[in-house]
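Novice: Okay, here's the structure, questions in a sec.
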Amino acid sequence: MTFWSKRDFKVGVILGGVPLICLLLVFCLFLTSNQGFYINREQVIPLVILLLLVIITYYMWRNTFYRIEKHTLKYRVGFFEGSLDINSINSIRQAHYILAGNRPAMSLQGLLIRYNQSHQLYVSPKNEAEFINELQKVNHTIVVV
């Protein structure tokens with residue numbers, strides 16, 4: 001079963017807004033130059049890098065999800081993916097965005113999954129109740145705090 005990540009406006013502004021603003025500023029500099037809209041060789045590389053950054057962040061924004069397959073929770077953020085054994089999950093609690101640890105999420109409010117006694121995974125599925133219910137079907141010992 002697949003669960004898409006919630007998308008928080010603030011995270012969207014940070015992820016997509018910053019590179020997009022940089023790209024727009026570069027275009028404005030080109031338009032206001034004395035030569036008109038002309039891009040020389042030195043300007044191509046930074047422009048391509050910024051454009052790629054915008055594309056990658058958009059792809060990450062649109063492709064963040066969690067999938068439960070048998071006894072495995074798989075997660076994906078754009079090109080990056082990971083997994084954990086559902087039977088290793090100890091507890092789940094609602095949490096705000098954390099600065100440390102593994103956090104494949106596009107929202108500031110989500111769930112903090114504790115597994116293997118000391119590890120954490122921060123996720124933000126759109127339907128938290130259904131997500132927790134599906135995890136508990138696999139591992140009945142998960143404590144919801």
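The values are calculated or read from the model by the stated rules, or taken from the named source; none is laboratory data. None of the values given here were measured: they were computed from a predicted structure. Positions of Cβ are generated from backbone atoms using ideal geometry, with glycine treated the same way; all protein chains shown enter the neighbour counts.
Novice: Identify, by number, the condition in (1) crowded, with 18+ Cβ neighbours inside 10 Å; (2) closer than 29 Å to LEU23 by Cβ that TYR66 doesn't meet.
Specialist: (2)
Novice: So GLY78 ticks every box in (1) surrounded by 15 or more Cβ atoms within 10 Å (Cβ to Cβ); (2) modelled with pLDDT under 90; (3) on the phi < 0 side of the Ramachandran plot but one. Which box is left unticked?
Specialist: Looking at each condition in turn, GLY78 falls short on (3).
Novice: Residues that are out of contact with any Cys (no Cβ under 6 Å at 6 or more places or on another chain), among the aliphatic types (A, V, I, L, M) and under 19 Å from GLY12 (Cα atoms): does region 124-138 have at least one?
Specialist: Checked region 124-138: no residue is out of contact with any Cys (no Cβ under 6 Å at 6 or more places or on another chain), among the aliphatic types (A, V, I, L, M) and under 19 Å from GLY12 (Cα atoms).
Novice: For the structure I just gave you, tell me whether LEU23 is more than 17 Å from the chain's Cα centre (by Cα), modelled with pLDDT of 75 or more and surrounded by 12 or more Cβ atoms within 10 Å (Cβ to Cβ).
Specialist: Answer is yes for this residue.
Novice: Could you say which residue among LEU29, LEU108 is modelled with pLDDT under 95 and more than 24 Å from ASN127 (Cβ to Cβ)?
Specialist: The conditions single out LEU29.
Novice: For region 109-125, give me each residue that is surrounded by 15 or more Cβ atoms within 10 Å (Cβ to Cβ) and closer than 26 Å to TYR59 by Cα.
Specialist: Hits for region 109-125 are GLY110, LEU111, LEU112, ILE113, GLN120, LEU121, TYR122, VAL123, SER124, PRO125.
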